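K.L.:
Supplied in structure tokens, the structure appears directly below.
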Amino acid sequence: MASAQETRTAVEYDGVTKRFDADDGPVVAVDDLDITVRDGEFLVLVGPSGCGKSTTLRLLAGLEEVTEGEVRVGDDVVNDAKPKDRDIAMVFQNYALYPHKTVEENMRFGLEMTTALDDAEIDQRVFEAAEMLSINELLDRRPDALSGGQKQRVALGRAIVREPSVFLMDEPLSNLDAKLRTEMRTELQQLHEQLSVATVYVTHDQTEAMTMGDRIAVLNDGELQQLGTPLECYHEPANRFVAGFIGSPSMNFFELDYDARSGVGSTDGVEYAFTDAQADRIGKATGVTLGVRPEDIELATEAGPDTVEGTVEVVEPMGRENLIHLDVGGTELVASVAGEYDIDFGQTVRLRFPRDRVHVFDGDTGAAVF
Ligand code: ATP
């Protein structure tokens, strides 16, 4: 049984909607959102550009006003609270450091402005955070003498010294080069382990979401699509959007006409026979979307109820595996196949979509059937 500690709520969005009045009419940036962030949890808000991630975070930070619903931090409704009174600390993508202050002054400033801590306590917090982030050698420097990664650490340090009950991070690694970004990901995770403070982290990068989140909230068009662990979202996507967004390379989709009597779905180049149990779940639908992940596709030697044929267009050797791009009856398909095969452009190959791995989505709503 989960302990009270684990289930305590750090943040709650309860029916939260945010509407903007843009010049060309109203925009619903966040639509009736329900999300709970548990104490100590690392929750990632992920979705494509414009889906409402930043707005969701800014509503929690108090940088935007809620149109409808309630935002809570701990037990307090914070809809009308000033940002500084919300017991949160935010780390921005552009670091937002004061250019004329030293690293130490940048880290101290927020504390001096918003808390009644005495100098010795502030020294202590700045020292500890600087140690934790390995920036103690840089305390006298100004931001323009720091690398991107160092600036990011200072921005983190400034948040850590506040000892907030929630950290908010808006794409904090997006200005770093790929290698540094991967390193900082690991560091942020270690930091989170150490501090165990609830964190809401925004990214558009599904790999970042998958590797960092205890749970991820997938947003599209201002609406929550799924809230679950990375593996839940990967293995049991709630709908076609999540299925296509989570996982790289993306899941392949086929729009099939479905014959409920035979349990067979078909389109150009595909005739896929579902098992009886699968057909029971599909029921009387006349159209379904079949989804199969590139890594679940196998090369097959013989035709079967779960095989299709495709023409090879491109082979990308990736080391341990090959990414094969194929044309299956006019639909583009990507298969990721491990091992060394002699596969050439233009060749016809047979592929198996294993029946215990495929996904099916409602042809109209996109909701997962299985
Ligand atoms: P990105 O990854 O590109 O930053 P996002 O997922 O963070 O995108 P938001 O910035 O939250 O998305 O924007 C959500 C929607 O709200 C978009 O359609 C955006 O144009 C709109 N929006 C955001 N801020 C405002 C504003 N101040 N006035 C009008 N519309 C806004």
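The values are calculated or read from the model by the stated rules, or taken from the named source; none is laboratory data. Note that the coordinates shown come from a computational prediction; the quantities given were computed from them, not determined experimentally. Reconstructed Cβ throughout: ideal geometry from the backbone, glycine too, with neighbour counts over all protein chains shown.
K.L.:
If you go through the range 209-232, how many residues are buried (at least 22 other Cβ atoms within 10 Å of the Cβ) and within 10 Å of the chain's Cα centre (by Cα)?
P.N.:
The number of residues fulfilling the criteria is 7.
K.L.:
Identify, please: which residue in the range 66-76 is more than 15 Å from D21 (Cβ to Cβ) and of a type outside the set (V, I, T) and is, among those, nearest to the ligand (Cβ to nearest atom)?
P.N.:
Checked the range 66-76; the qualifying residue nearest to the ligand (Cβ to nearest atom) is G69.
K.L.:
Mind counting the residues in the range 22-53 that are in a loop (DSSP other than H, G, I, E, B), under 22 Å from V166 (Cα atoms) and not small (G, A, S)?
P.N.:
2
K.L.:
Are any residues in the range 258-294 under 30 Å from E316 (Cβ atoms) and aromatic (F, W, Y), and if so, which ones?
P.N.:
Y272
K.L.:
Report, by residue number, each residue of the range 331-362 that is of a type in the set (G, A, S), modelled with pLDDT of 95 or more and touching an Asp or Glu at 6+ places or on another chain (Cβ under 7 Å).
P.N.:
Residue satisfying the conditions is S336 alone.
K.L.:
Still on this structure, I have one more. Please determine whether any residue of the range 246-256 is within 30 Å of V28 (Cα to Cα), touching a residue at least 12 places away in the same chain (Cβ under 8 Å) and in a helix (DSSP H, G or I).
P.N.:
No: zero hits.
K.L.:
Out of the residues in the range 161-190 meeting the condition of being in contact with a strand residue (DSSP E or B) (Cβ under 7 Å, 6 or more places away or on another chain) and part of a loop (DSSP other than H, G, I, E, B), tell me which one is nearest to the ligand (Cβ to nearest atom).
P.N.:
Applying the filter and picking the extreme gives E171.
K.L.:
Would you please name the residue that is farthest from the chain's Cα centre (by Cα), looking only at residues in the range 279-294 that are surrounded by fewer than 17 Cβ atoms within 10 Å (Cβ to Cβ) and part of a helix (DSSP H, G or I)?
P.N.:
In this case the residue turns out to be D280.
K.L.:
Only residues in the range 41-64 that are under 11 Å from L219 (Cα atoms) count as the first member; pair them with residues that are among the β-branched types (V, I, T) and assigned to a loop (DSSP other than H, G, I, E, B), Cβ under 9 angstrom, at least 6 apart or cross-chain, and list the lot.
P.N.:
V46/I246
K.L.:
Out of the range 227-245, which residues are away from the ligand (no atom under 16 Å from the Cβ) and touching a Pro at 6+ places or on another chain (Cβ under 8 Å)?
P.N.:
A243
K.L.:
Out of the range 191-219, which residues are in a helix (DSSP H, G or I), in contact (Cβ under 8 Å) with a residue 40 or more places away in the chain and under 18 Å from L231 (Cβ atoms)?
P.N.:
The answer is Q206, T207, E208, A209, M212.
K.L.:
Looking at T102, T114, T9 in this structure, which one is loosely packed, with under 15 Cβ neighbours inside 10 Å, hydroxyl-bearing (S, T, Y) and more than 13 Å from the ligand (Cβ to nearest atom)?
P.N.:
Result of the check over T102, T114, T9: T114.
K.L.:
Kindly establish whether L63 is under 30 Å from G149 (Cβ atoms), more than 16 Å from the ligand (Cβ to nearest atom) and in a loop (DSSP other than H, G, I, E, B). Break it down stepwise before answering.
P.N.:
Details: under 30 Å from G149 (Cβ atoms): yes; more than 16 Å from the ligand (Cβ to nearest atom): no; in a loop (DSSP other than H, G, I, E, B): yes.
Criteria not met by L63.
K.L.:
Here is a further query. With respect to the numbered conditions (1) surrounded by 15 or more Cβ atoms within 10 Å (Cβ to Cβ); (2) within 21 Å of D170 (Cβ to Cβ), which one is the sole condition not fulfilled by D85?
P.N.:
All conditions are met except number (1).
K.L.:
So A116 ticks every box in (1) outside any loop (DSSP other than H, G, I, E, B); (2) more than 20 Å from M132 (Cβ to Cβ) but one. Which box is left unticked?
P.N.:
(1)
K.L.:
Kindly indicate the residue of the range 288-313 that is in contact with a Leu (Cβ under 8 Å, 6 or more places away or on another chain), within 23 Å of E255 (Cβ to Cβ) and hydrophobic (A, V, I, L, M, F, W, C) and also modelled with the lowest pLDDT among those meeting that condition.
P.N.:
A300
K.L.:
In the range 18-40, what residues are buried (at least 22 other Cβ atoms within 10 Å of the Cβ) and more than 7 Å from the ligand (Cβ to nearest atom)?
P.N.:
K18, V30, L33, V37, listed by residue number.
K.L.:
Follow-up question, since we're still on this one. So, in the range 311-370, how many residues would count as being surrounded by fewer than 12 Cβ atoms within 10 Å (Cβ to Cβ) and of a type in the set (V, I, T)?
P.N.:
Within the range 311-370, residues that are surrounded by fewer than 12 Cβ atoms within 10 Å (Cβ to Cβ) and of a type in the set (V, I, T) number 3.
K.L.:
Run down N79, N94 and say which single residue is in the same structural domain as N220 (by TED's automatic domain parsing), outside any helix (DSSP H, G or I), within 16 Å of the ligand (Cβ to nearest atom) and not basic (K, R).
P.N.:
It is N94.
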